[in-house]
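Below is one structure, written out as structure tokens, with a few remarks after it.
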Amino acid sequence: VQLQASGGGLVQAGGSLRLSCAASGGTFSSYAAGWFRQAPGKEREFVACISRGGMSTNYEDSVKGRFTISRNNAKSTVYLRMNSLKPEDTAVYYCAARWTVTGEAPVRDYDYWGQGTQVTVSS
């Protein structure tokens, strides 16, 4: 499956953005999906994930209550709504997919990755 992330940009602290990740080349409903981010000089870290059917989600602690992951399998797209953005959210955000037969929302071991979209939050 191929993934194409979009929706990044420059926003002031407290603002909002919605990232999108469009999938192609596979049956998207067979894949769990996740968002990860990598800030300059830091390792890539988990942000949020959603099960193949959308019933289960997991979030990294620092984004709980501010970010919401969702998906539309009919459109083969996963979203990340980011509210109350902080400067420390600045990073390149990557979407990822993992084939699964379960209803889990895995936080690691993703097989397919998009190209990344830059999110910059100014103070």
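The values are calculated or read from the model by the stated rules, or taken from the named source; none is laboratory data. This is a predicted model, so every value here is computed, not measured. In this analysis, Cβ positions are derived from the backbone assuming ideal geometry, glycine residues included, and neighbour counts consider all displayed protein chains. For the accessible areas, the whole protein counts, side chains as well, though only heavy atoms, and no ligand, DNA or RNA atoms are used. Shrake-Rupley method; radii C 1.70, N 1.55, O 1.52, S 1.80 Å.
If you take all other residues with their beta carbon under 12 Å from the beta carbon of Ser51, and give Lys and Arg +1 and Asp and Glu -1, the sum is +2. Expressed as a whole percent, the accessible surface of the chain that belongs to carbon and sulfur atoms is 45, based on a 1.4 Å probe.
Summing +1 for each Lys or Arg and -1 for each Asp or Glu among the other residues whose beta-carbon sits under 11 angstrom from that of Asn83 gives +3. Take the Cβ-Cβ distance between Arg66 and Thr27 as r, set R0 to 25 Å, and report the resulting FRET efficiency rounded to the nearest 0.05. With a Förster radius of 25 Å, E is 0.20. Shown for the chain: cysteine residues without a partner Cβ closer than 4.7 Å, namely Cys49. Taken per residue, the accessible surface of the chain reaches 50 Å², heavy atoms only and a 1.4 Å probe.
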